[in-house]
Every structure is written in structure tokens, then in C-alpha cells.
Amino acid sequence: MLTDKSKEEIRRIRGEYPDPDSALLPALYLAQKDYGGWLPEEAIDAVAEIMELAPARVGAMASFYTLFQRQPVGRHVIYVCTNVACSLLGAEHLLEYLGHKLGVEPGETSADGRFTLVEVECLGSCGTAPMMQVDEHYFENLTEEKIDRILAELA
Amino acid sequence: MTTDRMVHLTIDDQEIGCPEGWTVYEAATAAGIHIPTFCHHEKLVPVGACRMCLVEIEGTLGLQTSCTAPVREGMVVRVHTSPRAVEARRANIEFLLTNHPLDCPVCDKGGECPLQDQALLDGPGNSRYVEEKRHKSKRYPLGEFIVLDQERCVLCWRCIRFLDEWAGDHELDLFGRGAGTRLTTFQGRPLTSKWQGNTIDICPVGALTSRIFRFEARVWELTNTPSICPLCSVGCNTFLGVKNNEVRRITPRENPEINDVWVCDKGRFAHSFVDHPERLTTPLVRRDGKLEPATWSEALDVVARGFKAVLDQDGSQAIAGLGSTRVSNEASYLFQRFVRSVLQTNNLDHLERMPSGATPLQSLPNLEHRDVIVLLGADPSTEAPLVELWIKKAVLRHGAKVIVINPHKIELSRYGGPWLGYRPGSGLALLNSLMRALLDTGLRDRTGRATNVDEVRAWLEPFGPDRVERTTGVQAAAIRQAAELLAQAKQPIILYGPNWLLEGPAGSAALLPTGAPSEQRAGLVRPALDLVANLALLLGGVEAGFVPWDHNTLGALEMGVAPDLYPGQQPVTDNRVRSRMASFWGSALSPVRGLDFDGMMVAAREEGLKAMWILGADPARHCRVAGNLLGQIPFLVVQDLFLTDTASLAEVVLPATSFAESDGSAINLTGRLQAVTAAKYPPGQARADWWIITQLARLMVPPKQQRAWAFSSPQHVLDEMAKVLPGYRNLDRAAMLAGGWQPPRPQEAQRRVFTRVNAVTPKEDPEYPLVLCTGRLLYDRGALLHHAEPVQHVVPEGYVMIHPGDAGQYGLADGDGVSLVSRAGRLRSTVRVSDEVAPGTVFAPLNVNDAPLSVLFDDRWTWPRVQVVK
């Protein structure tokens, strides 16, 4: 359920724009946090109601961005960029490495429920490719060893 | 935004002048230069999504989408003279076709498909694409009416934008991204918008097609006849697509004054009653107690002899005619002419009569420019959907507010305007307190034209919003909010419907028995109209328009199907008018005001009514008491499409034609006269109303009057109407056929005086503590829709809506099976607990149960008081 605090915050953000559509991304982020890292149907309906938008509008927006999850996820979500710059520097190999290490295909969640692996397009960090985003943090200039370390530090 | 300033530009070496604010696409189109488009639609806000309208504009880098590029002074545009633009558009078609399935031979859009047309016009002609096409869902039902083929979709946003911008029902959207983008609803929820059918028309490919029309015909096999939708008072202009003498589909026909380019789903999908197997196909005559098929000559002979026998034995006062708000003007006109000149009586009426003193709405498109719209006992969403669409245009594009005054919430309550959910019967207190609150806001000097404002202040003194809270059940704050909105409104309008007359000031207050004198009933309608007029005057003499329910409500009255009025609403008691009519009709006429419907029922009870002809009405179903009394009339003749409850009681049943099978005309809610054209042959021996009436008259009138009944077509009837009706002298037939003709409106004296309306104290009945109010649903099981199978799937089961407070008090929960009990009868139903109905009131929709709600009614004029028991 959306916390009262989030509802309040969503209303505040909505008020900052002439067009409620503009406030959808931050609103969906708040909802995604409240709902354990993903957006079930109920979350979209809840956001739509506060924003006075149609659920279809909100759902479509959530479906467009890879940073919103519409399926249950692990405690952490790993977004691996495989766009041009990252791919040239071995991103596809790293994605495979991660998949192998976690025992999942992109889009799946590891058996222990810790990690969800997602393949995404450019996250705007080409200068430090290859890179991945875990939850809300960027990890750059990746190597296999670096990945091992990062994963080990995450509960 | 378009301004008055002109801009000059060059498109393909052609000098063009157009208003500032136009787009390049609009300027080119106006100059006759064709630019292909998919996403652009003249009724929708441009998005520039499909890239089909790319043109070269000198001084800009890439190619521009002409549908979004505004014109500028001195601009040089190349559409067909730019090789780059031509090539880009050709390539765009090729791209679209890489993944678009080549299933045109089984696609319903084939033959009227913009993608087909443009592939032929601008496309490459062959495909270089040999890979596997992208696969998505192909036969995906989006609800009861539409099936989606996601593979055919070109992601143009037209359907999404229409539902969002016009209908306010943003139910469709594009989900996902890139090549995987899909058009669908959120979580696969079914489409519910009553406007969804329009997305089929505007889809530029075969992605959205009709489930009702699916595989019924190739579009080039259809004969499209211009017609008018008969299902509500708006009279949307349509085409009837007929193949093999069956109506296969209905599509909207553009009329900017009425339906623009749209039509509601009821009008579009509910046509199958026309070709229903239960249509009457032969006259029926009662023999040995049973209705049996007969030939026309047999049946008409029985009717003629039956009427003559009554005339000879009991006189003309023992006969009556009941017309209809659903038949054509020609039928109504001839019907009253027959009853008056052949049967020699003014015993004539129709149900759902337009209240005298009510004025029609002046214009539909003008609704867009109203900033506050008051809906008084009117629910356009279910009663007259196109009115809703124009109101939504005002709300969605210009921020208009809607004030809803109704015992139950309606769809248009969703736009944040106050809902004044009052107890039926307390309308006087409510409107008076609204007026009082308006005066308290220090309403800018709008009342200048009224002569007795000070008196009004005094009358309204006891109606402070806080003081009426108990009587009306409406919070003072809501009344004050409505008053504030109205006080600031620049262009307000009041729309009121038949329910206001029932539930408004009188409502359940005066329980009149059926057959009470019509003056007494007028006494109930009058205050309702006076209250509306008072409010309109207080707001500065603003428009107050009546929104009737039926197709030809205005026509029935205008054609004179009334005990007191000749055609053109001229009084029957006026000697000069009467002698004029007598000369037109070749017969002396009765100078006596006739019986209205309730008078007829009294006469039936007292066995004074010996014969009755009912044309296109089913009072036995809609009025319990009438049903019993009609059975007592010795010689009942009914003319209809189906064997209705009323027809089952008749001695003779005459099979009539539907709107699709006969020429005629009708008058819509704004008073516009529109032509209806026959699109197919009637089933079996069914005949047009005008033909039946004419034939019967010829059987009955003496030889020297035969010429007065020499009509050979409905056009001849219209010729006579044009002479008889005072306003119709300058009838413009071309205009009537093209988009409707507006007869001159009678000059009404501007009201300048507030009318004091006296309070009637509602009678409480402790045993039956709740008031039942009813209303229409868009889709129901009424006379015609009952025979329209596709829409029957979306008719809900009967229910009774009750306020949570009342539900608690009577121990009722959502879904409980209950009996609704009134002093007149009882009915099974299911409870819906909802705060969308005022406390002390229960709402049950009309025409959904098998047993009609009329079993609960004492009469047709008042909401019954009921108890709800488990």
C-alpha cells in the first residue's frame, strides 16, 4: 500500500506541474518503493487515483521505462546496460557472467530472492563503460572482480 | 491558435495565404495539395507520431512533420517537389509494411483502409522484406464491441487520443516500447467507453474492427443510405450499411450541428432489432381468442368495420388514438388527421409528452462554449449521449464545470462540479435555497431585467442553505459551492430532463390517482418549470433547455398528437384554426377538447371507451394500471414492430416498418427537422405507418372525401404538413436532407417576472419510508434494445441502489437479494450499497429486470414510496 507520506509527496509533486503527466515518473518511483521494488496493478491504480489520471495512462508510462518493474523483484535490481559503448567494452560478457553467477536469465530473479537481473538500454554513463545500475546507484568501469565485490557487499 | 492575421507561404511553388496558427498540413490541404497521413486526424490534437506527412521546409535541417509545423510568413515548403521528402514518405510506407500483415483479403478494413490507399498511392509497390514478420496478438477482444489485431496496428495514437480528448475515457494506451509496443488496455480490462465504436472509424488500418460487423460483408458490398439514429432525442446522422436487405453496420455521417463525426455505441451497435426474427411480418386478427395471421385487406377490413361499429353505436367520444414519440412526423401527422377527421374525435395523446412551456435546447455545438452547465434531472450520458459528448468538450477543452442536481450521481458528476443529491420531492426547497445562496453571493447585476427581485428576496428568506439541509438532504456547503460557480459563470446553461418533472418540486408529494384531471397534473409540472425559469432569470435570462428521451418527442407534439393541440401546436378550441384545418382535411372537426391518456384510461375503467388505436407505444408495459384497463377496451388496434405487451391485448395487430424501412422525418431535441430515408425493404408484409393509415382512411371515408386521402408517398404527406404547419411555409427540403432544417423558432417573450412557487409538503408514509427514483441506463432491455442481441451482453442485472446509512439501518448488505415493496406491488432485486444515491432514496434503473418497475407505481406521475425487505 502507498504510505500516507508517499501520497502526500505525490500530491505535492503533482501540484508543481501544470500537467499531471509531468509528475508521473517521480510518483511511480515513490510507489515502486512502497510496493517492494515493483508496481503491481494496485499500485498503478493508487497512483492513477491520486494523480487523477487514467490507470491506462499510468500503466503505459510504467511499461515504457525499464526502471519500473511490473513483476515482483528481488531485494536488489541490477540493470546492465548493453548499448553501444558498454557493449564495445564487454557488457554482453558481463551480463552473461552475472546471469551465470546468479543462475538467472535477464528478467529473472535469483532463487534466493536477492537479485533481479535486467538488461537495459543506455543509462547515460558511456564515459565509464561498461556499467550497471544496482537499485539507485551506478557502478562503473566494471570487471568481473568488481562485480563479485559489489554483489558480496549487498545483503 | 488561429488568429485573424493572414500568413503567406509557398507550397510546391504555389502561393498560399492562410490564417496564422494553421499547420503546414492544413494550409496544403486547403490549397488542394495532398499530404498522406496516418496519425493526423482533423478532429484530434496533432502528435506527429507516424512520420507519414514529412515535407521539406526551406531553412530547416531535417524533414518536418507537416501536421505539427505551424505556418510562418514567407515559408517555402516542398511536398511533391522535394525528392528527399517523396523518398522519405515512400520509405515510411515500406517500413510500415515490413511488419504489417498482408491479410487484407480477410481484413474488415479492406476497401476503406488508408494504409491500403496510401500503399497504392505512394508506396513502393513491392517489398524487399523477406524476414519473418513480428508477431503479436491477432484476435484480441477489447470488450463486447471491438476486436484488436495488434499486428495490424501502426501505433498512430488516434484511438487513444479520441478516447482521451473527446470521451474523457482514457482506456487505451501504448504499452512497452520500440518494436514491442502494443496497443491495449491496462491489465486487459475490457473497454467500457460508450464512444469506443468511433475508434473503429478513425483507425487508419484494420487494427480495431467491430465484433458485430466482423466478417459480415466486404465494405464495397454495402449500400450506405443516409439515415437518422432513432434511439434518442439527438438524432445523430448516420449511414445504414445494408447488404442482402439486412442492416450490417451503422456509421456516423458528419453533421457539425448535431453529432460532428461521431455516434455513440448504442446507435452504432444496436441495429439488429431491425432484422430480428420476431419482427411482425403479417397483420394479426383475433379469431376465437387467438391472434392469427391475416392479409392486409382482411385486417384493414376488420379495423374499418370495428371503428365504424363503435362510431355508429357509441359515437366518436368512445374512440381514442394513442400516438408515439418514436414514429415519424408523417406517421404522427396522418394519425392525428385520421383520428380527427375520420374518427371525429380529439381523443388523442402520446406518452412522454413534452411539457407545455418547456423550451427545446437551441444548439448542441454551443454547449462547448458554456462554462457552467447545470443538469437538472437530466443524465445526458444515458439519455442523450451526444449531449454528453458536447458537454465533455466544454469540460475537457475549456474547463467548464458541471453542476448535477439529481437524487443519484450520474457519469457527468465525475468532473468535480458539485453533486446536489436531494431527496425526491424536495426540489422546491433545493432550488429556492440555491437561488437564495446566489443572491447571498452578491451576484453581479444580472437580475436587471427582472421586475420583482425584491419580492423574490422575501420569498426566499426561509430557504437558507443551512435550513433546507434536513428537508433536502443536501449539505449547505454543496449548495454554496454551486452558487459560487454560477455567480461567476459567464455563459451558464440549464439542461433539465423528464425526471426533474417527476422528482422535482412535486415528486412524491402529491399522490395523484391514475386518471386525475390533467389540470391537476399540469399543477405538478408547472411548478417544476417555474422553478427552472426562476433560476434562469436570476442568472440573467440564460438558456434553459429541455432534454427529452425519445427520438421524436418534439415531432409528436408539433404534429398535433394531443387532445388540445392541432399541428403546429394550435389550439383545437380556436374556431379559426379549426375551420382552416377542416378545409385542409376535407371534413368537419370536433370542437371539443379530447381526452388525454389518463382520461382515456378513466373512460376505459368506466366502460365508456369502446375502441382505441395505439401506434408505436407500449403502455401495458410501462404503466401497470393501464395494462389492466387496456384489456377492457372491446376493440383495441395496435400498430408496432413487435408483439409487445400492449399488442398482445389487441383485436388487430398491424405490422409497421422500422426507421430503416420507410422515408419520413423527425424533429430532434434542438427542433431540427431531419430526413430519414428507407434503406431496405420491410420484412414480410410489414408496411409503413403512412400507408396503413391512408389505406384505412380510404376504406372508411365516403367517396367525396377519397381525394383528401390520396397520399401516394410520405413526401406527399410532408407537402401537406408544409401547408398546414405555420412555421413550415418555407420548408427547405434540400436542407432537410443535407443536414437538417431548422424551422423558425417562435419568438418567446423574455420572462421578466419571478413566479412564486408554493411548497408542497411531502407526505410521509412510515410503512414505506424510502422513495424510489428511477432512470435510464444507456443499454437496457427496452422495446427495441431488447431485440438487439449484441448490446444485451452489457445490460446489468436489475439492482436497487441504497445509501450506506439506510443500508445499515435496514440491515442490508451489497449483493443481498431483496424485495422492493410499494403499496402497488413488489419486485425482486439485488442490493447495491453506494453513496451515489441520496439518503432516504433508492435508485433502480428502468427496463433491466424481466418484471418492469411499473408494477411498483401507482401511476405514471410520481415516484412510489417503498420498503426494501430481505
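Out of segment B:395-428, which residues are surrounded by 24 or more Cβ atoms within 10 Å (Cβ to Cβ) and part of a helix (DSSP H, G or I)?
B:Leu412, B:Gly427, B:Leu428
I'd like to know if segment B:16-27 contains one or more residues that are out of contact with any strand residue (DSSP E or B) (no Cβ under 8 Å at 6 or more places or on another chain), modelled with pLDDT under 95 and not acidic (Asp, Glu).
No, there is no match, as no residue in segment B:16-27 is out of contact with any strand residue (DSSP E or B) (no Cβ under 8 Å at 6 or more places or on another chain), modelled with pLDDT under 95 and not acidic (Asp, Glu).
Of all the residues that make up segment A:90-119, how many are within 17 Å of A:Ala152 (Cβ to Cβ) and open to solvent by 20 Å² or more (accessible area, probe 1.4 Å)?
Residues that pass the stated criteria total 8.
Residue by residue, here is whether (1) out of contact with any Ser or Thr (no Cβ under 7 Å at 6 or more places or on another chain); (2) of a type in the set (Gly, Ala, Ser); (3) assigned by TED's automatic domain parsing to the domain that holds A:Val118 holds:
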| residue | (1), (2), (3) |
| --- | --- |
| A:Ala43 | yes, yes, no |
| A:Glu52 | yes, no, no |
| A:Arg57 | yes, no, no |
| A:Cys81 | yes, no, yes |
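Take segment B:154-180 and flag every residue that is in contact (Cβ under 8 Å) with a residue 40 or more places away in the chain and either basic (Lys, Arg) or not in a helix (DSSP H, G or I) (or both).
B:Val154, B:Leu155, B:Cys156, B:Trp157, B:Arg158, B:Arg161, B:Gly168
Could you list all residues from segment B:443-483 that are at pLDDT 85 or above, assigned to a loop (DSSP other than H, G, I, E, B) and either over 22 Å from B:Ile493 (Cα atoms) or among the hydroxyl-bearing types (Ser, Thr, Tyr) (or both)?
Hits for segment B:443-483 are B:Gly464, B:Gly473, B:Gln475.
Do any strands (runs of 3 or more DSSP E) entirely within segment B:243-315 hold 1 or more residues that are crowded, with 20+ Cβ neighbours inside 10 Å, and if so, which?
Counting at least 1 such residues, we get B:246-252, B:284-287.
Name the helices (runs of 4 or more DSSP H) wholly within segment A:21-83 that hold at least 1 residues that are more than 12 Å from chain B (Cβ to nearest Cβ) and among the aromatic types (Phe, Trp, Tyr)?
Of the helices (runs of 4 or more DSSP H) lying wholly inside segment A:21-83, those with at least 1 residues that are more than 12 Å from chain B (Cβ to nearest Cβ) and among the aromatic types (Phe, Trp, Tyr) span A:24-34.
If B:Gly178 satisfies all but one of (1) within 14 Å of chain A (Cβ to nearest Cβ); (2) open to solvent by less than 30 Å² (accessible area, probe 1.4 Å); (3) out of contact with any helix residue (DSSP H, G or I) (no Cβ under 9 Å at 6 or more places or on another chain), what's the number of the condition it fails?
Here B:Gly178 meets the rest and fails (2).
What number of residues in segment A:58-67 are in contact with a Leu (Cβ under 8 Å, 6 or more places away or on another chain) and buried (at least 20 other Cβ atoms within 10 Å of the Cβ)?
The number of residues fulfilling the criteria is 4.
For segment A:93-106, state whether one or more residues are free of Cβ contacts under 8 Å to residues at least 60 places away in the same chain and within 14 Å of chain B (Cβ to nearest Cβ).
Within segment A:93-106 (the criterion being free of Cβ contacts under 8 Å to residues at least 60 places away in the same chain and within 14 Å of chain B (Cβ to nearest Cβ)), the answer is no, since none of the residues qualifies.
Scanning segment A:8-20 for residues that are out of contact with any helix residue (DSSP H, G or I) (no Cβ under 9 Å at 6 or more places or on another chain) and either outside any helix (DSSP H, G or I) or within 12 Å of chain B (Cβ to nearest Cβ) (or both), which turns out most open to solvent (accessible area, probe 1.4 Å)?
In this case the residue turns out to be A:Pro18.
So in segment A:95-147, with the set limited to residues that are β-branched (Val, Ile, Thr) and assigned to a helix (DSSP H, G or I), which one is farthest from A:Ala85 (Cα to Cα)?
A:Ile147
Looking at segment B:778-825, which of its residues are free of Cβ contacts under 8 Å to residues at least 60 places away in the same chain and of a type in the set (A, V, I, L, M)?
B:Val795, B:Ala807, B:Leu812, B:Ala813, B:Val818, B:Leu820, B:Val821
From B:Leu737, B:Leu731, grab the single residue that is within 32 Å of the chain's Cα centre (by Cα), modelled with pLDDT under 95 and under 20 Å from B:Thr657 (Cβ atoms).
Checking each option against the conditions leaves just B:Leu737.
Would you say B:Pro204 is within 24 Å of B:Lys43 (Cβ to Cβ) and under 22 Å from the mean Cα position of the chain (by Cα)?
The answer is no for B:Pro204.
Residues in segment B:156-165: is at least one on the phi > 0 side of the Ramachandran plot and modelled with pLDDT of 95 or more?
yes
Being within 21 Å of B:Lys266 (Cα to Cα), more than 10 Å from chain A (Cβ to nearest Cβ), of a type in the set (S, T, N, Q) and in a loop (DSSP other than H, G, I, E, B) is the requirement here; does B:Ser193 meet it?
When the stated conditions are applied, B:Ser193 passes them.
I'd like to check something: does segment B:99-118 contain any residue that is touching a Cys at 6+ places or on another chain (Cβ under 7 Å), within 24 Å of B:Gly62 (Cβ to Cβ) and open to solvent by less than 40 Å² (accessible area, probe 1.4 Å)?
Taking every residue of segment B:99-118 in turn, none turns out to be touching a Cys at 6+ places or on another chain (Cβ under 7 Å), within 24 Å of B:Gly62 (Cβ to Cβ) and open to solvent by less than 40 Å² (accessible area, probe 1.4 Å).
In the set B:Val147, B:Val205, B:Val154, which member is open to solvent by 20 Å² or more (accessible area, probe 1.4 Å), more than 14 Å from every other protein chain (Cβ to nearest Cβ) and aliphatic (A, V, I, L, M)?
The conditions single out B:Val154.
Would you be able to say whether some residue in segment B:101-114 is farther than 23 Å from B:Ser210 by Cβ and touching a residue at least 12 places away in the same chain (Cβ under 8 Å)?
Checked segment B:101-114: no residue is farther than 23 Å from B:Ser210 by Cβ and touching a residue at least 12 places away in the same chain (Cβ under 8 Å).
Of all residues in segment B:612-639, count the ones that are out of contact with any Gly (no Cβ under 6 Å at 6 or more places or on another chain) and within 19 Å of B:Ile319 (Cβ to Cβ).
Number of matching residues: 16.
Would you point out the residue of segment B:507-528, among those that are closer than 25 Å to B:Leu669 by Cα and open to solvent by less than 10 Å² (accessible area, probe 1.4 Å), that is modelled with the lowest pLDDT?
B:Gly507
Does B:Gln639 count as open to solvent by less than 40 Å² (accessible area, probe 1.4 Å) and in a strand (DSSP E or B)?
Taking the combined requirement at face value, the residue satisfies it.
Report yes if B:Thr345 is touching a Leu at 6+ places or on another chain (Cβ under 8 Å), in a loop (DSSP other than H, G, I, E, B) and open to solvent by less than 10 Å² (accessible area, probe 1.4 Å), otherwise no.
no
Among (1) within 23 Å of B:Leu737 (Cα to Cα); (2) assigned to a loop (DSSP other than H, G, I, E, B), there is one condition B:Phe215 misses while meeting the rest; what is its number?
Status for B:Phe215: all satisfied but (1).
Can you go through B:Arg576, B:Arg624 and tell me which one is open to solvent by 30 Å² or more (accessible area, probe 1.4 Å), farther than 27 Å from B:Thr755 by Cα, in the same structural domain as B:Pro702 (by TED's automatic domain parsing) and at pLDDT 90 or above?
Of the residues listed, the single one that is open to solvent by 30 Å² or more (accessible area, probe 1.4 Å), farther than 27 Å from B:Thr755 by Cα, in the same structural domain as B:Pro702 (by TED's automatic domain parsing) and at pLDDT 90 or above is B:Arg576.
Limited to segment B:75-116, what total is found for residues that are aliphatic (A, V, I, L, M), assigned to a helix (DSSP H, G or I) and over 30 Å from B:Thr251 (Cα atoms)?
Number satisfying all stated conditions: 4.
The values are calculated or read from the model by the stated rules, or taken from the named source; none is laboratory data. Bear in mind the structure is a predicted one, so any value in this text is a computation, not a measurement. Glycine gets a Cβ as well: all are built from the backbone with ideal geometry, and neighbour counts include every protein chain shown. Areas reflect the complete protein model, heavy atoms only, side chains present, ligands, DNA and RNA absent. Shrake-Rupley method; radii C 1.70, N 1.55, O 1.52, S 1.80 Å.
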